[in-house]
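Structure record follows, encoded as structure tokens.
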Amino acid sequence: MGVDRFDVAVVGAGFGGLAAALRLAELGARVVVHERLVYPGGCAGTFTRQGYRFAAGATVAGGFGPGQPFDRWRRDHGLPIVATPMDPAVELRWDGGRLPTDADRERFVERFGAAGRRWFARQAAVADRTWPFFEQPDLLPPLSAAGVLGHLRRLPSTLGLMPLLGRTAGSLLPPDAPMALRLWLDAGCRISVQCGLDEADAVFALSALDWWWRGVAHVRGGTGALAWSVVEALRGLGVEVRFADRVRTLRSDGDGWRLTARSGEVRARTVIANLLPADLARLLGRDTPGLVRADRAVRTGWGAVMIYAVAREPAGCSPDALHLQLVDDPTAPLLEGNHAFVSVSGRADGFAPAGLRTVTISTHADLGGWPEQRAERVAAIQERMRALVVRRAPEWSDWTLKLPASPRTFERFVGRAGGWVGGVPSRAGRWPLTGAFHRPVLPGLWRVGDGVFPGQSILAAAVGGHRVAEAASRSRLVQAERSSLSRWPERSAFVAR
């Protein structure tokens, strides 16, 4: 069997890998994508079990507002997706309280009175300075001339963030803030920056908490449908996307890389890996100092304990998809069944027959000390999650099917070493722009995904993938210009533009 040759091989069809492949294809590269699963999207994909379809993760999708990244993808590549704004985007429930996150920001802020107005005025000032980085990826390194000019114009505004460096988001909360506001902020930090309010880096957290008003939408068919639409766009650009094609080894080979996958061998000038550091080290057969540091950062995060359920529709319910945040004890850490994020599919998604909906329920889990007690601990957390749904969302607790999942599930099926998911928590003391200057793991080898700046969410992973693709293309172009010894033909604009 011959060896297939490409400019770029992308390992993993999560949103970081898909975005990198899309950008490189736009630049003229010949690209192949290897995905171990039979569907794209990674932890934000959609899978099928027993005839039902489930969102792999309880996921809220943003970035669909006018001019935002997914809106640009839809326009530039004709993605046939239907993305509908959500109102409310999510509802927080605790003992005696319900708090919908209204699409109308002013209406939502008024729920908290004067203390809320002060808090959200400060929060909005931070978000308005930082969100251009998500909405205009060219403002992230590697910088073009236009990007440099953009930063120079924003310099006075950016310097206004300096007093917040090293502070937690919780330290900014006024003492007269109502309990509901603190709980909403704590729950919002947990699912966005992956740690609690009193740990979260102020700049990152105040930026992330603007998420609900930045193009949040429900994609008909779930985020998996968005991923599939990108796959079709890639194929239209000549990209080969290979499913059920796990990469087994990755070795440096002269001026490029040799991959051994289920489908055979591939040689590529550049490799972009949508993998955790430990998984990439396994493919390489060795660690690097950078991978060791990155793995250490990943291990400050979390695993996920899941329940995938099929629920009978309650009488009179809306046909739309919905998201809930459920809390048992607001005074305890929002972990391990004390807090759960719940995503209920919409009727139009077609995930279940009439009268039924599929429900994805997730909670953060501390992976410390798990090997000896893993099964018992997972079962206890899932029982607490089940009880939490019965108490806080009883209308969605009439289940006809329950499928449990654990960190081991993500390790085995999604390829997340150790079951770590969600990326690196943005805790105070960690420089907010850590990792913004993308560097290769080894010459011609790059990483993307939720553990790579700017971090969590499918939007952040996509923005990071776009910028890594830019960095990789420039790096390879420089290498090609410096050397006249390349054994490969200069086939594409990726190296010849």
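Do the conditions hold for D253, that is, is it at pLDDT below 95, of a type outside the set (K, R) and within 21 Å of H34 (Cα to Cα)? Yes, satisfied.
Pick out the one residue from G188, G256 that is crowded, with 19+ Cβ neighbours inside 10 Å and under 26 Å from S362 (Cβ atoms). Walk me through it before giving the result.
Details: G256 fails: under 26 Å from S362 (Cβ atoms).
One residue alone meets the criteria, G188.
The rows are residues; the columns are (1) modelled with pLDDT of 90 or more; (2) outside any loop (DSSP other than H, G, I, E, B); (3) not assigned by TED's automatic domain parsing to the domain that holds V10.
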site: G449; (1), (2), (3): yes, no, no
site: P454; (1), (2), (3): no, no, no
site: S473; (1), (2), (3): yes, yes, no
site: L477; (1), (2), (3): no, yes, no
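List, please: which pairs have Cβ atoms under 6 Å, are six or more places apart or on different chains, and start with a residue in segment 450-470 that is under 15 Å from V11 (Cβ atoms) and end with one that is of a type in the set (K, R) and surrounded by fewer than 24 Cβ atoms within 10 Å (Cβ to Cβ)? Short answer, once both residue conditions are applied: A469/R23. Annotation note: Cβ proximity below 8 Å between a residue of segment 375-402 that is modelled with pLDDT under 95 and in a helix (DSSP H, G or I) and a residue that is surrounded by 14 or more Cβ atoms within 10 Å (Cβ to Cβ) and among the aromatic types (F, W, Y) (sequence gap 6+ or interchain) occurs for R377/W370. Here G16 passes the criteria (1) in contact with a Phe, Trp or Tyr (Cβ under 8 Å, 6 or more places away or on another chain); (2) assigned to a helix (DSSP H, G or I); (3) in the same structural domain as G236 (by TED's automatic domain parsing) except the one numbered (1).
Taking segment 103-116, which residues are modelled with pLDDT of 95 or more, surrounded by fewer than 18 Cβ atoms within 10 Å (Cβ to Cβ) and over 22 Å from I458 (Cα atoms)? Once the filter is applied, which keeps residues that are modelled with pLDDT of 95 or more, surrounded by fewer than 18 Cβ atoms within 10 Å (Cβ to Cβ) and over 22 Å from I458 (Cα atoms), segment 103-116 yields D104, R105, E106, R107, E110, R111.
Pick out the one residue from S171, S207 that is crowded, with 22+ Cβ neighbours inside 10 Å and either outside any loop (DSSP other than H, G, I, E, B) or touching a strand residue (DSSP E or B) at 6+ places or on another chain (Cβ under 6 Å) (or both). Spell out the reasoning first.
Working: S171 fails: crowded, with 22+ Cβ neighbours inside 10 Å.
After ruling out the rest, the residue left standing is S207.
If the condition is being under 16 Å from the mean Cα position of the chain (by Cα) and either in a loop (DSSP other than H, G, I, E, B) or more than 26 Å from D349 (Cα to Cα) (or both), then segment 19-62 contributes A20, P40, G41, G45, A56, G57, A58, T59, V60, G62.
Given the condition under 23 Å from T363 (Cα atoms) and either of a type outside the set (S, T, N, Q) or surrounded by fewer than 24 Cβ atoms within 10 Å (Cβ to Cβ) (or both), answer yes or no: does some residue in segment 75-86 qualify? Steps first, answer last, please.
Residues of segment 75-86 under 23 Å from T363 (Cα atoms): 86.
With the extra rule that they be either of a type outside the set (S, T, N, Q) or surrounded by fewer than 24 Cβ atoms within 10 Å (Cβ to Cβ) (or both), the set shrinks to 86.
Yes, segment 75-86 contains at least one residue that is under 23 Å from T363 (Cα atoms) and either of a type outside the set (S, T, N, Q) or surrounded by fewer than 24 Cβ atoms within 10 Å (Cβ to Cβ) (or both).
Exactly one residue out of A340, A315, A348 is at pLDDT 95 or above, surrounded by 14 or more Cβ atoms within 10 Å (Cβ to Cβ), outside the structural domain of C195 (by TED's automatic domain parsing) and more than 22 Å from S406 (Cα to Cα): that is A348. In this structure, T130 does satisfy being surrounded by 18 or more Cβ atoms within 10 Å (Cβ to Cβ), closer than 26 Å to P66 by Cβ, at pLDDT 75 or above and of a type outside the set (A, V, I, L, M, F, W, C).
Restricting the first member to segment 106-133 and to residues that are in the same structural domain as D176 (by TED's automatic domain parsing), and the second to residues that are polar (S, T, N, Q) and buried (at least 19 other Cβ atoms within 10 Å of the Cβ), the beta-carbon pairs closer than 9 Å and six or more apart or on different chains are F108/T101; Q123/S207; V126/S207; A127/S207; R129/S207; T130/S207; W131/S207; F133/S207. W211 passes every criterion in (1) farther than 23 Å from V344 by Cβ; (2) in contact with a helix residue (DSSP H, G or I) (Cβ under 7 Å, 6 or more places away or on another chain) apart from (1). Does L79 satisfy the criteria of being in a helix (DSSP H, G or I) and touching a residue at least 24 places away in the same chain (Cβ under 8 Å)? No; evaluated as a whole, the condition is false for this residue.
The values are calculated or read from the model by the stated rules, or taken from the named source; none is laboratory data. Owing to the predicted nature of the structure, the values given are computational and were not obtained by experimental measurement. Cβ atoms come from the backbone with ideal geometry, glycine included; neighbour counts cover every protein chain shown.
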